[in-house]
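Some notes on the structure that comes next.
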Amino acid sequence: MTDGKAARLDEIIASHAHREGPMLPILHDVQAEFGHVSEDAKRTIAKALNLSRAEVHGVVSFYHDFKAEPVGKPVLKLCRAESCKARGVENLVAAAEAAAGDRVEIETIYCLGLCSVGPNAMIGKRPYAMLDVPKIEALIREMA
């Protein structure tokens, strides 16, 4: 890990030091900042939180949001839970995949907690609600 990345990782860890149970917020910020949670990051986080690397790895490997390697392209998380299915998300899947091509990764997730305004998607930390084909195609065009 370069000095700049190590310093940024230290800043992320320090920004959550006051919290009870800081591991998940730290991991989310590391994923957002670097695009993945590297082995070096796991070791640094473990040391800072007085945990074993295996404990941090267990959390990273359990949650699908955390990647071991950078994805390399933008990710649109499309909710395909029951409420979004009832609101027509399955009608958006083909259009989203066609618009994404090989430039944007479409990742299925289950529930963003916005069930009354589905179908929903998330880009980074920002949710998008009440999607239809033109809206999802426009989102993907903006990402690519």
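The values are calculated or read from the model by the stated rules, or taken from the named source; none is laboratory data. These numbers come from a predicted model, not from an experiment. FYI the Cβ positions are ideal-geometry reconstructions off the backbone, even for glycines, and counts take in every protein chain you see.
Results, tabulated for the structure shown:
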read-out: Strands (runs of 3 or more DSSP E) contained in region 103-144 and holding at least 3 residues without any contact (Cβ under 8 Å) to a residue 40 or more places away in the chain and in contact with a strand residue (DSSP E or B) (Cβ under 8 Å, 6 or more places away or on another chain); value: 105-109
read-out: Qualifying positions in region 84-117 - buried (at least 16 other Cβ atoms within 10 Å of the Cβ) and of a type in the set (S, T, Y); value: none
read-out: Given (1) free of Cβ contacts under 8 Å to residues at least 24 places away in the same chain; (2) within 17 Å of the chain's Cα centre (by Cα); (3) at positive phi, index of the condition D29 fails; value: (3)
read-out: Residue match in region 74-92 (condition: in contact (Cβ under 8 Å) with a residue 12 or more places away in the chain, part of a helix (DSSP H, G or I), within 25 Å of Q31 (Cα to Cα) and not assigned by TED's automatic domain parsing to the domain that holds V37); value: no
read-out: Flag for D65 being modelled with pLDDT of 95 or more and among the charged types (D, E, K, R); value: no
read-out: Among residues of region 118-144, those that are of a type outside the set (G, A, S), more than 17 Å from the chain's Cα centre (by Cα) and surrounded by 18 or more Cβ atoms within 10 Å (Cβ to Cβ), counted; value: 3
read-out: Criterion (out of contact with any Pro (no Cβ under 7 Å at 6 or more places or on another chain) and without any contact (Cβ under 8 Å) to a residue 12 or more places away in the chain) met by exactly one of S38, S61; value: S61
read-out: One residue from K47, K67 being assigned to a helix (DSSP H, G or I) and either at negative phi or surrounded by 12 or more Cβ atoms within 10 Å (Cβ to Cβ) (or both); value: K47
read-out: Region 18-37: number of residues that are outside any helix (DSSP H, G or I) and either of a type in the set (K, R) or farther than 20 Å from P74 by Cβ (or both); value: 5
